[in-house]
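Since the structure comes first, as structure tokens, the remarks are kept for the end.
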Amino acid sequence: MTVSNNLKKEIIDKIDKTDSTSYIQSIYDNFLPDGYINQDCKPSEKLIFLKFDEFNNLIDDFFTKLNKHYEYFEIEYFKYPKQTPINYSARAIKDEKNKFLKKFIKVYEIIRDYFGAKLQDENELYICPYCEKNYINLVYTDDKTLKPDLDHYYPKAFYPFLGCSIENLIPACQVCNSRLKRDEDFYIKKHINPIEYRLFDEIIFSYDQEGIMIENTNDLKKYTEKENYLNTFKIEEIYAIHNEILDDIKVKYKMYNKSKQYGLMKSCPSLAQNEILDMVFYEYKNENKRTPFRKLKKDLYNNIKKNSTNKILY
């Protein structure tokens, strides 16, 4: 997510004002590049606003240093401390990792609780970027605030040092975050990042006698990151069940045929033909990034228009 300079300053000021005594030094701090942990043992501005395309190098570098420090130390020992071989102290590794993790989680919670809404607004994220079908609006009530999940693209349990990096945070719906993605390791199993790359702009929805489908599935699945994304978030399966959208377009298309349009223009001379079409089919002709199913609606509308023998005036 992009962050304005003003918001960056607000975030850093808020973090600077938190009590430094709760940010405990960890041996794992030494395996991060210089300047990523400040003199108060807090994650630095450089780490908080680290660019997404630098994440892989940071992960590689961190685990390379771990391997040099601990003989035969492997990534899995750090990710899953309980599975540490017998020649390692599972408790020591787990305790040290938890100490390391706490400082990043504390900063993450500050960002989530105080600046999550501003980050969403600045990036104009109103529907889940993973599925583009569920709203992720903030809702304020008298006694509580309903917020979307703020997913860690690279799981904080595996890569704690990215726990507070803003470009690792993706506002998401509960279905995508908690039920589909969960702790899937996107470093090992590569996926498209929906903030960096909008796969839905490439997806072409269509339909046949059996229902809704993705017309270019085979082309998309030539690329591992796209195939994994489609499979993890069950994009084709989830979209296929929304035949009510397809039926709605078909009904409207049938109702507003040539005769209907001629009749409306005759009874309302000031009403132009394009105004009629915009009123009836606006949500299908225009892709609004604030609206769920924006790509599905447009693609189905174009398909129905193309295949129908009951042509509308244009």
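How many residues does segment 114-132 contain that are under 18 Å from the mean Cα position of the chain (by Cα), not polar (S, T, N, Q) and not in a loop (DSSP other than H, G, I, E, B)?
Total satisfying the criteria: 8.
If Lys190 satisfies all but one of (1) basic (Lys, Arg); (2) buried (at least 18 other Cβ atoms within 10 Å of the Cβ); (3) modelled with pLDDT of 95 or more, what's the number of the condition it fails?
It fails just one condition, (2).
What are the pairs, 6+ residues apart or on separate chains, where a residue within segment 10-22 that is over 24 Å from Ala117 (Cβ atoms) and without any contact (Cβ under 8 Å) to a residue 40 or more places away in the chain has its Cβ under 6 Å from a residue that is surrounded by 12 or more Cβ atoms within 10 Å (Cβ to Cβ) and not basic (Lys, Arg)?
That search, which allows pairs on different chains as well, returns Ser20/Asp40.
Name the pairs: first residue in segment 135-150 and loosely packed, with under 10 Cβ neighbours inside 10 Å, second residue assigned to a loop (DSSP other than H, G, I, E, B), Cβ to Cβ under 8 Å, at least 6 apart or on different chains?
Leu146/Leu138
Output the number of residues of segment 23-49 satisfying the condition of being outside any loop (DSSP other than H, G, I, E, B) and under 19 Å from Phe115 (Cβ atoms).
Within segment 23-49, residues that are outside any loop (DSSP other than H, G, I, E, B) and under 19 Å from Phe115 (Cβ atoms) number 5.
Give the residues of segment 226-256 that are modelled with pLDDT of 95 or more, surrounded by fewer than 16 Cβ atoms within 10 Å (Cβ to Cβ) and over 15 Å from Phe205 (Cα atoms), sorted by residue number.
Asn231
Just to be sure before I move on: is Tyr282 part of a helix (DSSP H, G or I) and modelled with pLDDT of 95 or more in the structure I sent?
no
I'd like the residue in segment 58-86 that is surrounded by 13 or more Cβ atoms within 10 Å (Cβ to Cβ) and of a type in the set (Phe, Trp, Tyr) and, out of all such residues, is modelled with the highest pLDDT.
Phe62
The values are calculated or read from the model by the stated rules, or taken from the named source; none is laboratory data. Keep in mind that this is a model prediction, so the values were computed, not measured. Virtual Cβ from ideal backbone geometry, glycine too; neighbours counted across all protein chains shown.
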